[in-house]
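Heads up, the thing below is written out as structure tokens.
The values are calculated or read from the model by the stated rules, or taken from the named source; none is laboratory data. Please read all numbers here as calculations on a predicted model, not as lab measurements. Neighbour counts are summed over all protein chains in view; Cβ atoms, including those assigned to glycine, are modelled from backbone coordinates with ideal geometry. Surface accessibility is based on the protein's heavy atoms, side chains included, excluding ligands, DNA and RNA. Shrake-Rupley method; radii C 1.70, N 1.55, O 1.52, S 1.80 Å.
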Amino acid sequence: VSNEIAAPLDRVFQTFTDIEHGPAHVSGIKKLEMMTPGPVHIGTRWLETREVMGRLDTAEMEITSFERNRMYTITHYKARVRIDTTFRFEPTDGGTKVTVEFDLDSGGLPPGLLAPLGWALAGKVEKVLSDDLADLKRSIGG
């Protein structure tokens, strides 16, 4: 999922990595509790609660890769499946292009086991990521 935001790259990156204030920027986040103090870096962890299919779901999230003003990856696990969400930032003539990628890693489960789950989730995940991007774009004003 990609979107262009009419704001400078450093401002966009700063807003996206303002994890502590995530609920103010992203309507899908219902509650957030920081586990790692200080500025965002590799190893920053937090508990994030979202409403998923009508019920609240909490996951422990962690920044597992981080390059200031370029990209970062958030990793969490559900039912032994590793879920990576990578955000990439590129300057454009009109501001900043943000691209979000979502990846499931079965962690050794048989390869075909996740295929139906992946197809079932793909549309829902794309909608959540698109909604999150739109919320962040609105909060930046771009």
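Quick notes
- Taking Cα centre as origin and charging only the Cβ of basic (Lys, Arg, +1) and acidic (Asp, Glu, -1) residues, the dipole magnitude of the range 1-113 rounds to 240 debye.
- Potential lengthening between residue 69 and residue 51 on full extension [0.36 nm per residue; Cα-Cα distance subtracted]: 3.6 nm
- Taking 7 Å steps out from each Cα toward its Cβ at residue 31 and residue 138 produces label points 2.3 nm apart.
- Counting protein heavy atoms only, the chain has 54 percent of its accessible area on carbon and sulfur, 1.4 angstrom probe.
- Candidates 39, 23, 91: whichever shows maximal mean-square fluctuation once the chain is modelled as a Gaussian network with Cα springs under 10 Å: 39
- Residue-count net charge about residue 79 - beta-carbon cut-off 14 Å; Lys, Arg +1, Asp, Glu -1: 0
- Residue 31 sits with roughly 120 Å² accessible to a 1.4 Å probe, with DNA, RNA and ligands left out of the calculation.
- Between 0 and 90°, nearest 10: helix 111-140 axis offset from the chain longest Cα axis: 20
- Paramagnetic reach from residue 126 (point 7 Å along Cα→Cβ, amide N under 19 Å) across the range 1-29: 1-4
- The residues of the chain expose, per residue, 58 Å² of accessible area to a 1.4 Å probe.
- Projected label points at residue 58 and residue 77, each 7 Å from Cα along the beta carbon direction, are separated by 1.8 nanometres.
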